[in-house]
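Structure record follows, encoded as structure tokens.
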Amino acid sequence: MKAEVYERPVRPLVANISNREIEVLENISYGFTTSEIAQRLYLSSHTVVSHRKNLQSKLHARNIAVLVRKAFEYGLLQVG
């Protein structure tokens, strides 16, 4: 009989975050403004704002400070 390995389930909030949202989140964590992020990622400012709002909704973060804290807690961002 083969032993079953228990795998910790991925947090549903984290599983739905796109690669582009992660890029926006990384730039937010470095302190870049919406316009700077838009220029760096070749997006419109409106798109950056939409990604930020989606991230805040998915991570249940009421502001940017909480968003970044939760991103570190969930392993979406790392120091360094």
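For region 27-36, 3J(HN,Hα) computed residue by residue from phi via the Karplus equation (6.51, -1.76, 1.60; θ = phi - 60°) reads 5, 4, 5, 8, x, 6, 6, 4, 5, 5 Hz, glycine and proline entered as x. Length available on full extension from GLN78 to SER35: 0.36 nm per residue minus the Cα-Cα distance, which gives 13.1 nm.
Could you work out the local net charge near HIS46, counting Lys and Arg as +1, Asp and Glu as -1, over the other residues with Cβ closer than 13 Å to its Cβ? All intermediate terms of the calculation are to be shown ahead of the outcome.
Numbers: positive: ARG52, LYS53; negative: none.
With Lys, Arg at +1 and Asp, Glu at -1, the neighbours total +2.
A straight chain from VAL66 to ILE22 at 0.36 nm per residue would run longer than the Cα-Cα distance by 14.3 nm. Note: relative contact order over region 17-70, using C-alpha pairs below 8 Å and six or more positions apart, is 32 percent.
Taken together, the values in this text are just the output of simple stated rules run on the coordinates, not laboratory data. This structure is a prediction, so every number in the text was calculated from the model and none was measured. Please note: Cβ atoms are built from the backbone with ideal geometry, for glycine as well, and neighbour counts cover all protein chains shown.
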